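Report on one structure; see the data block that follows.
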2 protein chains.
Amino acid sequence: MIKKWNEVRIPEEKEIEERLEAARAKLFDRQIKVKEGKIPVLIMLEGFGAAGKGSVLGKIIKNMDPRFFKVETIDKPSEDELRKPFLYKYFRRIPEAGRFSFLDGGWVDEVVSEKLHKGIKEQEYRARIDSVKRFERTLSDNGYLLMKFFFHIDKKEQTKRIDKLLSDKNTSWRVSHEDMWQNKNYNKYIDAYDTYLNDTNQSYAPWYIIDAKHKKWAELQMLETIIQGIDTALMNKGNAVPILQNVFPLQPIPKLADISLDKELTEEEYRAELDICQKKLSKLHNKLYRKKIPVVIAYEGFDAAGKGGNIKRIASALDPRGYEVNPIASPEPHEKNRHFLWRFWTRLPKSGHISIFDRTWYGRVMVERLEGFCTENDWQRAYNEINEFEKELSDWGAIIIKFWVQIDKDTQLERFTLRQNTPEKQWKITDEDWRNREKWDLYEEAVNEMLQKTNTTYAPWVVLESNDKKYARIKALKTVIKEIEKVLD
Amino acid sequence: MIKKWNEVRIPEEKEIEERLEAARAKLFDRQIKVKEGKIPVLIMLEGFGAAGKGSVLGKIIKNMDPRFFKVETIDKPSEDELRKPFLYKYFRRIPEAGRFSFLDGGWVDEVVSEKLHKGIKEQEYRARIDSVKRFERTLSDNGYLLMKFFFHIDKKEQTKRIDKLLSDKNTSWRVSHEDMWQNKNYNKYIDAYDTYLNDTNQSYAPWYIIDAKHKKWAELQMLETIIQGIDTALMNKGNAVPILQNVFPLQPIPKLADISLDKELTEEEYRAELDICQKKLSKLHNKLYRKKIPVVIAYEGFDAAGKGGNIKRIASALDPRGYEVNPIASPEPHEKNRHFLWRFWTRLPKSGHISIFDRTWYGRVMVERLEGFCTENDWQRAYNEINEFEKELSDWGAIIIKFWVQIDKDTQLERFTLRQNTPEKQWKITDEDWRNREKWDLYEEAVNEMLQKTNTTYAPWVVLESNDKKYARIKALKTVIKEIEKVLD
């Protein structure tokens, strides 16, 4: 698409000036509307070296209040980023509602450069494209305005600009080795960019090719495009977006009511098994660490189902330098102002580490659904968004273990009453717990829907029958061991 | 994506039977909901020859009421279809609301076969992919449920099945030359299919790969997928869909109020010019016909602006065998039950012909908008849908000329009064015309928005100043001549 982009003739200088003035004033106005409308705006600048991205961006932000935007330059990934999934470094940089983020360089650069320099395989390239498409779509579905600009100059112009920069010692430092290499391999680059742009040119996040030969014209194109983008986003504000057809392989799973909860272990059986399992897990953890395999363990369950004690039995078998437990409470304001998965993306383990989540992203389709903390459209969309999220983790190589810790209603009442009547346990029981209990049936319905819609082959649920906590703990340990062994073998 | 599709193990025979029974009953139930919900459903079956598409489809429709569905086999394009844009043969086959269409073969086959047999160029292939993506998206945006299935078998299985069919003279006729060629070139085909599936795997219309080695399992996968698709469509029913960012090159255009309407011609000038222009146009029409270039001329304008007389002056210069005039009234029920552009797709000229539209697809953003015949989301979306439609025509090679026939309010009143008072003109004036006149300002606002948002470089508007009808007629003729000459040169 780069090769056949230039369909608009450059207007006369005078027309450009007039339109620039109008557009600058409009951008000033629209930034306020973006803030008031709480729209998060992510603007990506990509393109050829020396095409003038930086200088155009510099002019554009002159029309804006510095409190409303942030410019992020994406350089080589850090040590930490290299040990996270591909999308991590981008997901963690998404703006808050009402703010602009300008990304100078982004996922394009990474994918295209690696394709050309490291020769990543077709299958790996495809997986990246799929990740990018899903990422961009889920941002858009969650109200983000995502705008993608590609600054284009031809080879001759690039050579001319590089030569000019090099000829002056005050500017020569601005020409990188990468720029030189790109200029030498211009044709290879244009092919790779073109393929990439075609592959990621989505209706919800289209590419705009900026004719960057003429600087004011480049600025005008970008300004006018941003303004129409903002106007479109304002129009879409608050509207539901379509729920997508499911494309993930699902496996049948029984309903909660059909799960027998009478499984139990004696104290002796428990002690013996616990000891064996924890020793085994401890060894496996070392191997995982050396092989740099990440593990994500997710816990969900009714109040007082025994999640805490269960997690403790797993954690105590692990080397503390190699795992974290993430207790998930209700989101803080800066978390609420971003995509609901942001606070989980930013809590992922490094490769070789284990992250245990005490409550998870599934809150979206349980408590947030039932308490009305999100719209119906939000939680209906979330099943797919969660399946996509877990697919990213799985493709990254993570072992994903999802526990539903199950008890029956009577058992919950017993445990609540015990907590209430035991002074050192009273902190564990709140009025909210009692209120949730009243909604047991609604929760059960939501959980059944959740289990059914997110029981993917690559991240299946495991139900822990926890009327007997001992049984549940051993089952959890054995499950974790089995899943790790499967991957290590 | 074909190569790594098989993520679900085939269940036991018994489980397949149980799930089949449940799924068949559900489909029976869902077809009623589809009818009641007025959802149009388009199901496409693609895949390798001898993969058993036909036999699975035969089983699926057994669960359905024959009044609710239609099976269409897409063969080689007809003579008429070859003289229409690529999407024509598919657009004309879209189902009515509440009905299912099963397409056995479709746009995939055409694109992939032509790629392999005729070696269409990369740029042509890209253009087709873009067309397909837009087509599928606009259907989805307009409430269509589009489901795409690819029936997959490996080379060994295909060879086995073909051999078996050939060995019996009662079935050997079912093996086509294409099937044989495909089996011989299986690896080429799988690569081409894989690329195509990747290129068109959209969130709003994803591909489903059906493991077709085992027939009952194939049927089950398809049934269960269709059911979740229908459930998703029912959930989306009636919801707005996001308005898209504009990606088409637009040119500035003045507002109606800023257009001076005092241009006029004397009777003598008019007569002389008319004669010259019509002769010229007549000759050009012959050339167009020989060069097989299609022309679309669209007329819009206020009531009594002089559209009819203007069209007459164009038409009378043309060879009647090479043009049609399409007067566009309000849509009939079978038209209203389809995508709003369907009745225009089915009225396109053949290559070498001229279609003149007296009122057009722009009704969506004028009368349908102002009279509430469509939702706000519908008409807001339509600017882009129209730009896409005209892009298809332009890429096909059509010359597109769009006239806005402009008069001022006083002139309209004069002409209305004259019509009212002249017995032989009274049929031309209705109460509706007077009612529309009361909404002049609202119409003017809608027209200004329309002109601004659809004045693309490839299909720009031409305003005909028609306070003096003579002037407007000559300007129209000259415009048509100029646009045709531009292309013929």
By a straight-distance test (C-alpha under 19 Å), which aspartates and glutamates pair with B:LYS283 as possible cross-link partners, with residues fewer than eight away in the same chain excluded? B:GLU273, B:ASP275, B:ASP319, B:GLU324, B:GLU483, B:GLU485, B:ASP489
How big is the Kirkwood radius of segment A:35-185, worked out from every pair of different alpha carbons and given in Å to one decimal? 17.1
Along each of its three principal axes, how wide is the spread of alpha-carbon positions in segment B:260-317, in whole angstrom units, largest first? 39, 27, 20
Just tell me, in residue order, which DSSP H segments of chain A are both 30 angstrom or longer along the helix axis (alpha-carbon based) and at least -0.5 in mean Kyte-Doolittle hydropathy. A:215-236
What does the copy distance list look like for B:GLU18, label position 7 Å along Cα→Cβ, in nm and ordered from shortest? 7.5
Seen from all sides and averaged, what is the projected area of the convex hull of the Cα atoms in segment A:188-232, in nm²? 3.7
Among the lysines, select those whose C-alpha is under 18 Å from the C-alpha of B:LYS425, and discard any that sit fewer than 8 residues away in the same chain. B:LYS307, B:LYS312, B:LYS469
Compare each residue of segment A:168-208 in its chain alone against the assembly with all protein chains, and report those whose accessible area goes down by 10 Å² or more; 1.4 Å probe, heavy atoms. A:ASN198, A:ASP199, A:ASN201, A:GLN202, A:SER203, A:TYR204, A:PRO206, A:TYR208
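So how strong a dipole does segment A:56-103 carry about its Cα centre when Lys and Arg Cβ are +1 and Asp and Glu Cβ are -1, to the nearest 20 debye?
Details: 11 positive and 7 negative charges, 23 e Å.
With Lys and Arg at +1 and Asp and Glu at -1, about 120 debye.
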Listed peptides A:328-336, B:314-322, A:458-466 by packing density, highest first (mean Cβ within 10 Å): A:458-466, B:314-322, A:328-336
What is the antiparallel percent of DSSP beta bridges lying wholly in the protein assembly as shown, to the nearest 5? 5
For chain B, what ratio Rg/Rh do Cα atoms give with a Kirkwood hydrodynamic radius? 1.04
Give me the distance between the Cα centres of segment B:447-488 and segment A:314-330, rounded to whole Å. 70
Tell me, what is the per residue accessible area of segment B:1-153 in Å², probe radius 1.4 Å? 44
Long-range amide H partners of B:ILE210, meaning residues 5 or more apart or on another chain whose placed amide H is closer than 5 Å, are B:PHE150, B:PHE151, B:HIS152
Between their Cα atoms, which of A:LYS84/A:LYS263; A:LYS216/B:LYS291; B:LYS115/B:LYS453; B:LYS62/B:LYS148 are more than 31 Å away from each other? A:LYS84/A:LYS263; A:LYS216/B:LYS291; B:LYS115/B:LYS453
Can you list residues from other chains, or at least 5 along the same chain, whose modelled amide H is less than 5 Å from the amide H of B:VAL463? B:TRP404
Considering the options A:PHE102, B:TRP427, B:ALA382, tell which one lies farthest towards the positive end of the dipole of the protein assembly as shown, charges being +1 on Lys and Arg and -1 on Asp and Glu at the Cβ, about the Cα centre. A:PHE102
Which semi-axis lengths, in whole Å and largest first, follow from the square roots of five times the eigenvalues of the Cα gyration tensor of segment B:337-393? 22, 12, 10
Inter-copy spacing of A:PRO423 label points, which lie 7 Å from Cα along Cα→Cβ, given in nm from shortest upward: 11.0
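What is the Rg over Rh value, at two decimals, for the protein assembly as shown, using alpha-carbon atoms and the Kirkwood definition of Rh?
Dividing the radius of gyration by the Kirkwood radius yields 1.00.
Just the accessible area per residue of segment B:323-471, please: how many Å² with a 1.4 Å probe?
On a per-residue basis, 41 Å².
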To the nearest 20 debye, segment B:300-457 has a Cα-centred charge dipole, built from +1 on Lys and Arg Cβ and -1 on Asp and Glu Cβ, of 540
Shortest first and in nm, the label-point separations between A:SER176 and its counterparts in the other identical copies (7 Å out along Cα→Cβ) come to 5.2
Test item: A:225-237 mean partner chain Cβ contacts at 10 Å: 3
Past the 19 Å Cα-Cα mark, which pairs from A:LYS14/B:LYS391; A:LYS70/A:LYS213; B:LYS33/B:LYS70? A:LYS14/B:LYS391; A:LYS70/A:LYS213
Helix-only [θ]222 nm of the protein assembly as shown, DSSP H runs n ≥ 4, -39500 (n - 2.57) each, per residue, nearest 500: -16000 deg cm²/dmol
Ballpark to the nearest 100 Å², how much total accessible area do A and B bury together, probe 1.4 Å? 3400
Taking the Cα centre of the protein assembly as shown as the origin and placing charges on Cβ (Lys, Arg +1; Asp, Glu -1), which of A:PRO252, B:ILE401, A:HIS214 is farthest toward the positive end of the dipole? A:HIS214
Tell me, what is the percent relative contact order of chain B, built from C-alpha pairs under 8 Å that lie six or more residues apart? 19
Whole-percent carbon and sulfur contribution to the accessible surface of chain A (1.4 Å, no ligands, DNA or RNA) stands at 49
Convex hull projection area averaged over all views, segment B:240-284, Cα basis, nm²: 7.4
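The values are calculated or read from the model by the stated rules, or taken from the named source; none is laboratory data. As the structure is a computational prediction, the values presented were derived from the model and not from experiment. Here the Cβ is made from the backbone with ideal geometry for all residues, glycine too, and neighbour counts use every protein chain on show. The protein model used for the area step is the full one, side chains on, heavy atoms only, and it has no ligands, DNA or RNA in it. Shrake-Rupley method; radii C 1.70, N 1.55, O 1.52, S 1.80 Å.
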